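Beneath this line is the structure, given in structure tokens, with notes to follow.
The values are calculated or read from the model by the stated rules, or taken from the named source; none is laboratory data. Everything numeric in this text was worked out from a predicted model, so none of it was measured. Quick reminder, even Gly has a Cβ in these numbers, built from the backbone with ideal geometry, and neighbours come from all protein chains shown.
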Amino acid sequence: MIDLDVLDKQCPKCSGLGRTANPAWFPLWATRSDLKDSFQTLKSKEILNIVDKTTLEELDEPVFYVCKECNGKGKILTDKGKGLLEYLVS
């Protein structure tokens, strides 16, 4: 019997998620992360003032891209998987 786990493996580019983050969003996420940390350390009145003054600009670009290496599947074929596929197609 064939061990199916040797035919494919987790995609190294997307870590099996099937998508990669758009680097254009990194500054926005960093800003939100900084605000989250400041919420935990400030008093409730100060938190409301920060939220009122802060405007985060949303980007027109997608947040994630479909991984080009695995086409969104999260897995890629191993050499044994490619060999079996070539045998079946020929």
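In summary, residue 53 fulfils each of the numbered conditions (1) out of contact with any Cys (no Cβ under 8 Å at 6 or more places or on another chain); (2) modelled with pLDDT of 55 or more with the single exception of condition (2). Look at the range 70-90: where a residue is without any contact (Cβ under 8 Å) to a residue 24 or more places away in the chain and part of a helix (DSSP H, G or I) and a partner is surrounded by 14 or more Cβ atoms within 10 Å (Cβ to Cβ) and of a type in the set (A, V, I, L, M, F, W, C), sitting 6+ places away or on another chain with Cβ atoms under 8 Å, you get 85/77.
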